[in-house]
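A.B. asks: Let me begin by handing over the structure; questions about it come next.
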Amino acid sequence: MDHQPSAPVPPTTACHVLAIPYPGRGHVNPMMNLTKLLLSKNPNINVTFLLTEEWLGLIGSDPNLPGKNFRFATIPNVIPSEEGRANDFVGFLESVMTKMEEPFENFLNRLQPPPNLIVCDSYLFWVVRIANKRSLPVASFWPMSASFLAVLKHYPLLEQHGDYPVNVSENGDKRVDYIPGNTSIRLADFPLHDSSWRSRKLLQLALNSVSWVQKSQYLLFPSIYELEPLAIDALRKEYTIPIYTIGPALPNFLDHGSNINSIGTNNHNGCDLGYINWLDNQPSNSVLYVSQGSFLSTSRDQIDEIAFGLKESGVSFLWVQRDEGSKLKEICGDRGLVLPWCDQLRVLSHHAIGGFWSHCGWNSTREGVFCGVPFLSYPLFMDQPLNCKYIVEDWKVGWRVKKDPKSESLITRDEIAGLIRKFMDLDSDEGREMRKRARELQQACRKAIVDGGSSENNINAFLRHVL
Ligand SMILES: O=c1ccn([C@@H]2O[C@H](COP(=O)(O)OP(=O)(O)O[C@H]3O[C@H](CO)[C@@H](O)[C@H](O)[C@H]3O)[C@@H](O)[C@H]2O)c(=O)[nH]1
């Protein structure tokens, strides 16, 4: 199915889709991009996008929201605020899994016209429970990699092989090859592998959500088949529901219509973006873009080492760091910019960007790959070590910042400076090879979204099924 040109989606009677993302940037963004994709495919689709009131405040004034056939709806703020979400992640996740269900059901009772389809984040398992009771079809949307889903689905294998819990300082570099859909994985790269209360609790919550995926009617990934064919094929064999890869599900590219070339042309849409002007004045491939995603961070001491390392490297950089910006600016001097937020995809697609220091969230990973940018991978949590493994070992489009998984010490400024210098050296053989592969992977992704490409076929097949 993935490579044959597919029939266009036929016009149909109106279809009302209720989309409900998990309340986090890394989940809301790809759900919004999926929504835009659905709306662009068929004029008879209407979408109601359900958020908490807080999240409506965060994204409701975005100038790139879909106009036609789209509306927001809200439920009250029954969960802890997005502000400081990372400080008590267990508490946040538990609230999402227990407190949103009732207001959601009340909302569904009132929703007019009633939806024909619900698309929900796979973490919101209670949506599937409610929809099943009402015989409403649900598409479960998993905004992380298919490989990560396969790992969680087969997590009990770790215990059966005597590999759980993992003591990283003893056997973090041991590799296991018994997870379907994955090449061999270091034990240190499994999510939530340690025996702490927090990890066990988060694992229990994640595994519970995974167990509900099979009870939905469709499974959607913002992934591209070519990025992880082994995992997609393995999951297609195991699940009885149809699986569709509709990636890359990126913002600007969708905002620019289906013109895939516009992403690389720094089309500012008339916005006055000082940092884009700054990038415009930098040589091609000379700037390292540094970001740890939308809500996580690393220790203060490590941030200081990164700042001094960046300065000592002599490489130009654009660093997104939500707090301590002024202190970091002072340390880093005038070689680069420190910002609290930027339009990441626009930055990554700029010709001046030559590398991406990333925490390897799945959105950032797809965005970097789609822009053909090589990675310095610095994963922090959950699926990120596995995404880093894809980048470094499977796709070979990046290097790890932390080489030894057993080491618990800080990565020093000297190590960081040396690594950055070597990574940004466009003339080294190793770097040239990595950049070539990044361009090849980028091309494979771009092919997926044109006529006959895997993602285009998948989204059409999904809509034919639904409509
Ligand atoms: O200055 C910034 C920083 C981020 N972003 C965007 O914010 C999103 C961040 O998503 P992601 O890279 O996935 O990071 P997180 O926000 O950390 O994502 C959470 O959700 C992801 C999807 O479930 C998981 O893969 C991650 O591990 C989890 O931390 C991306 O679209 C970025 O383009 C910006 O636009 N500007």
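The values are calculated or read from the model by the stated rules, or taken from the named source; none is laboratory data. Keep in mind that this is a model prediction, so the values were computed, not measured. Cβ: placed from backbone, ideal geometry, glycine included. Neighbour counts: every protein chain shown. In case anyone asks, the SASA skips ligands and DNA or RNA and just uses the protein heavy atoms, side chains included. Shrake-Rupley method; radii C 1.70, N 1.55, O 1.52, S 1.80 Å.
A.B. asks: From Cα coordinates alone, what are the radius of gyration and Dmax values for region 92-131 in angstrom?
C.D. replies: For region 92-131, the Cα radius of gyration and maximum Cα-Cα distance read 10.5, 32 Å.
A.B. asks: From the P(r) of region 131-172, can you give the percent of Cα pairs sitting at distances over 12 Å?
C.D. replies: Percentage above 12 Å: 73.
A.B. asks: Suppose every Lys and Arg Cβ carries +1 and every Asp and Glu Cβ carries -1, with no other charges. What dipole size does the chain come out with about its Cα centre, to the nearest 20 debye?
C.D. replies: Using Cβ point charges on Lys, Arg, Asp and Glu, the chain gives about 1020 debye.
A.B. asks: Another question, then. Share of the chain's accessible area from carbon and sulfur, percent, 1.4 Å?
C.D. replies: Result for the chain: 50 percent of the exposed heavy-atom area is carbon or sulfur.
A.B. asks: Work out the length of the dipole vector of region 11-87 about its Cα centre, built from +1 on the beta-carbon of each Lys and Arg and -1 on the beta-carbon of each Asp and Glu, and round it to the nearest 20 debye.
C.D. replies: My answer is approximately 360 debye.
A.B. asks: Sticking with this structure for a sec: With N denoting the number of residues in region 412-467, provide Rg(C-alpha) divided by 2.2 N^0.38 Å, to two decimal places.
C.D. replies: Cα Rg divided by the expected 2.2 N^0.38 Å: 1.89.
A.B. asks: Could you tally the net charge around Glu105, taking each other residue with its Cβ under 13 Å from the Cβ of Glu105, Lys/Arg +1 and Asp/Glu -1?
C.D. replies: After counting each charged neighbour, the total is +3.
A.B. asks: With a ≥ b ≥ c the root eigenvalues of the C-alpha gyration tensor of region 193-235, is it rounded (a/c under 1.5), prolate (a/b larger than b/c) or oblate?
C.D. replies: It comes out oblate by the Cα gyration axes.
A.B. asks: Whats the longest run of the chain with zero GluC sites (Glu not before Pro) that are DSSP loop and have at most 11 other Cβ atoms within 10 Å?
C.D. replies: Counting only loop sites that pass the neighbour cut-off, the longest clear stretch is 84-407.
A.B. asks: I'd like to check one number: the per residue accessible area of region 121-204, probe 1.4 Å, reported in Å² as a whole number.
C.D. replies: 38
A.B. asks: In region 24-89, which trypsin sites (Lys or Arg not before Pro) are in a loop and have at most 11 other Cβ atoms within 10 Å, using DSSP for the loop call?
C.D. replies: Here the trypsin sites (Lys or Arg not before Pro) that fit, given the DSSP loop and packing criteria, are Lys68.
A.B. asks: Determine the dipole magnitude for region 1-144: charges of +1 sit on the beta-carbon of Lys and Arg, -1 on that of Asp and Glu, nothing else is charged, the reference point is the Cα centre, and the result goes in debye to the nearest 20.
C.D. replies: About 560 debye.
A.B. asks: Right, something else. How much length would be gained if the chain were fully extended between Asp425 and Ser196, taking 0.36 nm per residue of separation minus their Cα-Cα distance, in nm to one decimal?
C.D. replies: 78.4 nm
A.B. asks: Taking all protein chains together and a probe of 1.4 Å, list Arg400, Arg134 from the most accessible to the least accessible.
C.D. replies: Arg134, Arg400
A.B. asks: Quote to one decimal, in nm, the extra length available between His161 and Lys68 on full extension: 0.36 nm per residue of separation minus the C-alpha distance between them.
C.D. replies: So the chain would gain 28.2 nm between His161 and Lys68.
A.B. asks: Here's something else I'd like to know. Hey, if you drop one equal point scatterer on each alpha-carbon of region 339-409 and run the Debye formula without solvent, what base-10 log of I(q)/I(0) do you get at q = 0.13, 0.15, 0.22 Å⁻¹?
C.D. replies: Listed by q, the Debye log ratios stand at -0.35, -0.47, -0.93.
A.B. asks: While we're here: Pairing the Cα long axis of helix 89-99 with the longest principal axis of the chain, what angle in degrees results, from 0 to 90 and rounded to the nearest 10?
C.D. replies: That helix lies at roughly 10 degrees to the long axis.
A.B. asks: Is region 360-467 rounded, prolate or oblate when judged by the Cα gyration tensor, a ≥ b ≥ c being the square roots of its eigenvalues, rounded requiring a/c under 1.5 and prolate requiring a/b larger than b/c?
C.D. replies: oblate
A.B. asks: Under a 1.4 angstrom probe, counting protein chains only, how are Val397, Val450 ranked by accessible area, largest first?
C.D. replies: Val450, Val397
A.B. asks: What percent do you get for the relative contact order of the chain when only Cα pairs under 8 Å and 6+ apart count?
C.D. replies: Once normalised by length, the contact order is 17 percent.
A.B. asks: Farthest toward the dipole's positive end in region 381-465, which of Ala444, Val401, Ala417, given Cβ charges of +1 (Lys, Arg) and -1 (Asp, Glu) about the Cα centre?
C.D. replies: Ala444
A.B. asks: If you look at just the Cα atoms of the chain, how large are its Rg and its Dmax in Å?
C.D. replies: In Å, with Rg to one decimal and Dmax whole: 21.6, 63.
A.B. asks: Let me ask something else about it. From the protein chains alone at 1.4 Å, what is the descending order of accessible area for Phe141, Phe308, Phe70, largest first?
C.D. replies: Heavy-atom accessible area, descending, gives Phe308, Phe70, Phe141.
A.B. asks: Does region 159-261 come out rounded, prolate or oblate by the C-alpha gyration tensor, with a ≥ b ≥ c the root eigenvalues, rounded set by a/c under 1.5 and, if not, prolate when a/b is larger than b/c and oblate if not?
C.D. replies: Taking the square roots of the gyration eigenvalues as a ≥ b ≥ c, region 159-261 is prolate.
A.B. asks: Still on this model: Of Lys403/Lys436; Lys327/Lys396; Lys406/Lys436, which sit over 28 Å apart, Cα to Cα?
C.D. replies: The pairs that break the limit, which is 28 Å between Cα atoms, are Lys327/Lys396; Lys406/Lys436.
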